[in-house]
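Engineer: The structure is given below, and queries will be raised subsequently.
The values are calculated or read from the model by the stated rules, or taken from the named source; none is laboratory data. What you see is a predicted model; the values in this text were computed from it and never measured. In this analysis, Cβ positions are derived from the backbone assuming ideal geometry, glycine residues included, and neighbour counts consider all displayed protein chains. For the accessible areas, the whole protein counts, side chains as well, though only heavy atoms, and no ligand, DNA or RNA atoms are used. Shrake-Rupley method; radii C 1.70, N 1.55, O 1.52, S 1.80 Å.
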Amino acid sequence: MSLQVIDNATCTFCGCVCDDIQLHYDETRIHKANKACVLGTAWFLNHTVEHKYPDALIDGKKASLDDAIELAATLLHEADMPLVYGMSNTTCEAQKECAALADQLGGLLDSHTSL
Amino acid sequence: MGGKVSCTLGEVKQRADFIVYWGGNPAECHPRHFTKYTLMQKSKFLPRGRKDRTMVLVDIRETKSAKASDIFLQVRPGKDFELITILRALIKDQNVSDEAIADTGLTREVLDDLVQRMKSAKFGCMFFGMGLSMTRGKHMNSAALLTLAAEMNAFTKFVAMPMRGHGNVTGADVMMRWQTGYPFGITFNRGYPRYNPGEFSTVDVLVRGDCDAAFIIGADPGGTMPQPAIDHLKRIPTIVLDPHVTHTSKLARVHITTAPQGIAAPGTAYRMDEVPLPLKPPLKSPYPTDEYVVRRINEAIMAKPFWLPDGSQPQMLTAQV
Ligand code: SF4
């Protein structure tokens, strides 16, 4: 089967964020990441579209996405001083939503930088 | 980090003939930094590529990056701030005692040579890693190095840039600065953003046990933070968003699996020099994106009464008059 190709794809594994990677892929996985370094290649090749993990877990048990979102909202809303933390391995669009979340909760907002 | 003297990696690639890596190991942590930007590239201004550039590595031990360097300076652990301060004095021809220099583990000849090279460079760039910013002195070290870079501009063009770690941490900084005015360590508990690292930074908040819920996205503190912080995460309701079931997911009340950025989730990521780059995800994930899940949580919270005692939203100033 022939593979599809994306030119100039972006690797986000390290701070270099190389944007010249050529990815060869099919429906399930990436087979080749040209120009990427060892770290980047491992990052691209290790992810597949398999349904490896459950959609959501509540107290360690499988749960639906909707239930998990509802419970998350309730827990955060009930808290007096919720913390929103992390945001390293995610997109700027999601980070912006996180800022909105902390703002609306009157909570704390922090990233990996402060470690 | 407002007010830093910096530039893009494109300028470094085209012009920088003097490169310093301080407390970082690019050979192993940022493998393509040398080849793409700092050492190997030829340009109009540096036609001979590597031969036209000088690379200095400052670190506490000889890492793999030392092989790529022209000069390796082994500084005594925890003496980075002192060394930077000495350099700041030496570039201005101020007196520095022999004991002070010996205390950093280096010699006067080496430092004089370094200062001489820094001043005769056409375009110098200092990259600093976690070996500088996460050891004794922490952000005071980074601030000192940024000041050194700024002061070097009295003699020649000099810039400094942090070597940011994995993923989109730079994006988090940039985005928080844009949305709140501060880069990290922020609280909204008075309804407007306030900034105080040490008080509102995560490790401190968790170790003191200040917060009573945690929402963790794109990070795995369960694997990296000190034990008292992890213990507190176990005590309070923790919510985790991650493409994998992580250490933190195992101690969380709620884990939601999301699509990995850049592989199955589209969006934007910032390079370490704060250049935003679009992601081109090739795969379609069975999981939703982070952005979608956080927005859904936001909407669910919006449907509940606001946290002010009377449940009302804060009003704009114009609405009050
Ligand atoms: S390809 Fe290598 S150097 Fe480039 S961003 Fe990915 S991990 Fe970093």
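Engineer: Extending each Cα 7 Å along its Cβ direction at B:K304 and B:N95, get the distance between those two points in nm, one decimal.
Structural biologist: Computed distance between label sites B:K304 and B:N95 equals 6.6 nm.
Engineer: Determine which lysines satisfy two conditions relative to A:K62: a Cα distance under 23 Å, and not lying fewer than 8 residues away in the same chain.
Structural biologist: A:K52, B:K234, B:K250, B:K284
Engineer: What average count of beta carbons from other chains do you get within 10 Å of the Cβ of residues in B:129-136? Let's see the in-between values first.
Structural biologist: Details: counts 1, 1, 0, 0, 2, 1, 0, 0.
Taking all residues of B:129-136 together, the mean is 1.
Engineer: Based on the Cα coordinates of the stretch B:164-321, what is the per residue volume of their convex hull in Å³?
Structural biologist: Here the figure is 154 Å³ per residue.
Engineer: Apply the Debye scattering formula to the stretch A:57-114, with a single equal point scatterer on each alpha-carbon and no solvent, then give log10 I(q)/I(0) at q = 0.19, 0.23, 0.29 Å⁻¹.
Structural biologist: Taking Cα atoms of the stretch A:57-114 as identical point scatterers yields -0.80, -1.03, -1.14.
Engineer: Cβ neighbours within 10 Å, averaged per peptide: list B:248-259, B:125-136, A:45-56, B:181-192 in order, most packed at the top. Display every interim value, and only then the final one.
Structural biologist: Values: B:248-259: 24.3, B:125-136: 21.1, A:45-56: 16.1, B:181-192: 18.2.
Answer by packing, highest mean first, reads B:248-259, B:125-136, B:181-192, A:45-56.
Engineer: Return an integer: the convex hull volume of the alpha-carbon atoms of the stretch A:4-45, in Å³ per residue.
Structural biologist: On the way: hull volume 2.3 nm³, N = 42.
In the stretch A:4-45, the Cα hull volume divided by residue count equals 55 Å³.
Engineer: Probe radius 1.4 Å, ligands and nucleic acids left out: which of A:D7, A:D80, A:D20 has the largest accessible area, and how do the rest follow?
Structural biologist: The ordering from most to least exposed comes out as A:D80, A:D7, A:D20.
Engineer: Using the Kirkwood formula over every pair of different C-alpha atoms, what hydrodynamic radius in Å results for chain B?
Structural biologist: Working: mean 1/r = 0.0446 Å⁻¹.
One over the average 1/r among Cα pairs gives 22.4 Å for chain B.
Engineer: What percentages, rounded to whole numbers, describe P(r) for chain A computed over all alpha carbon pairs with 10 Å bin width beginning at zero?
Structural biologist: For chain A, the binned pair fractions read 12, 28, 30, 24, 6, 0 percent.
Engineer: Need one value for A:56-66: mean number of C-beta atoms belonging to other chains within 10 Å of its residues' C-beta atoms.
Structural biologist: Values: counts 8, 10, 5, 4, 7, 0, 0, 3, 0, 8, 2.
Across A:56-66, the average partner-chain Cβ count within 10 Å equals 4.
Engineer: Return a whole-number percent for the relative contact order of chain B, with Cα pairs under 8 Å and 6 or more residues apart as the contact set. Numbers along the way, then the final one.
Structural biologist: Working: 490 pairs, mean separation 40.7, N = 321.
Reported as a whole number, the value is 13 percent.
Engineer: Measuring from centroid to centroid over Cα atoms, what is the spacing of the stretch B:152-229 and the stretch B:270-286 in Å?
Structural biologist: The distance from the Cα centre of the stretch B:152-229 to that of the stretch B:270-286 comes to 21 Å.
Engineer: As a quick test, which of the pairs A:K35/B:K13; B:K51/B:K79; B:K36/B:K122; B:K92/B:K157; B:K4/B:K280; A:K61/B:K280 have an alpha carbon distance above 23 angstrom in this structure? Don't skip to the end; give the middle numbers.
Structural biologist: On the way: A:K35/B:K13 18 Å; B:K51/B:K79 31 Å; B:K36/B:K122 20 Å; B:K92/B:K157 16 Å; B:K4/B:K280 31 Å; A:K61/B:K280 33 Å.
Correct reply: B:K51/B:K79; B:K4/B:K280; A:K61/B:K280.
Engineer: Nearest 10 degrees is fine. How inclined is helix B:139-152 to the longest principal axis of chain B, computing both from alpha carbons?
Structural biologist: Result, in degrees: 40.
Engineer: Rounded to the nearest 20 debye, what is the charge dipole size of the stretch B:9-162 about its Cα centre when +1 sits on each Lys and Arg Cβ and -1 on each Asp and Glu Cβ? Show your work: numbers first, answer last.
Structural biologist: Values: 24 positive and 17 negative charges, 187 e Å.
With Lys and Arg at +1 and Asp and Glu at -1, about 900 debye.
Engineer: Between B:F128 and residues 5 or more places away or on another chain, which pairs have amide H atoms under 5 Å apart, with H built 1.01 Å from N, and which residues are they?
Structural biologist: Here the answer is B:W22, B:M161, B:M163, since their amide H atoms fall under 5 Å of that of B:F128.
Engineer: On a 0 to 90 degree scale, rounded to 10, what angle separates helix B:108-120 from the longest Cα axis of chain B?
Structural biologist: Roughly 80 degrees between the two axes.
Engineer: Need one value for B:206-214: mean number of C-beta atoms belonging to other chains within 10 Å of its residues' C-beta atoms.
Structural biologist: On the way: counts 2, 0, 0, 0, 4, 9, 8, 13, 10.
Mean inter-chain Cβ contacts per residue within 10 Å come to 5.
Engineer: Something else now. Report the dimensions of the stretch B:9-162 along its three principal axes from the alpha-carbon atoms, largest first, rounded to Å.
Structural biologist: Extents along the principal axes: 43, 31, 25 Å.
Engineer: Run the accessible area of the protein assembly as shown with a 1.4 Å probe and give the carbon-and-sulfur part as a rounded percent.
Structural biologist: Values: 10100 of 19030 Å².
Roughly 53 percent, rounded to a whole number.
Engineer: So what J values fall out for the stretch B:303-308 if you push phi through Karplus, 6.51 cos²θ - 1.76 cosθ + 1.60 with θ = phi - 60°, rounded to Hz, Gly and Pro as x?
Structural biologist: Whole-Hz 3J(HN,Hα) from phi for the stretch B:303-308: 6, 8, x, 5, 7, 4.
Engineer: Please list the three semi-axes, largest first and in whole Å, of the ellipsoid equivalent to the protein assembly as shown, using sqrt of 5 times the eigenvalues of its alpha carbon gyration tensor. Don't skip to the answer; put the middle values down first.
Structural biologist: Details: eigenvalues 324, 151, 70 Å².
Here the semi-axes work out to 40, 28, 19 Å.
Engineer: Per-residue accessible area for B:E274 at 1.4 Å probe radius, Å² rounded to 10?
Structural biologist: 60 Å²
Engineer: If you don't mind, another one. Sort B:201-212, B:45-56 by packing, meaning the average of other beta carbons within 10 Å per residue, with the highest value first. Display every interim value, and only then the final one.
Structural biologist: Working: B:201-212: 19.3, B:45-56: 14.8.
Highest-to-lowest ranking by the protection proxy: B:201-212, B:45-56.
Engineer: Using a 1.4 angstrom probe on the protein heavy atoms only, line up B:E151, B:E28 by accessible area, largest first. Could the numbers behind the result be given before it?
Structural biologist: Numbers: B:E151 50, B:E28 90 Å².
Sorted descending by solvent-accessible area, the residues read B:E28, B:E151.
Engineer: In degrees between 0 and 90, to the nearest 10, how far off the longest principal axis of chain B does helix B:290-302 point, with axes built from Cα atoms?
Structural biologist: Tilt of helix B:290-302: around 40 degrees.
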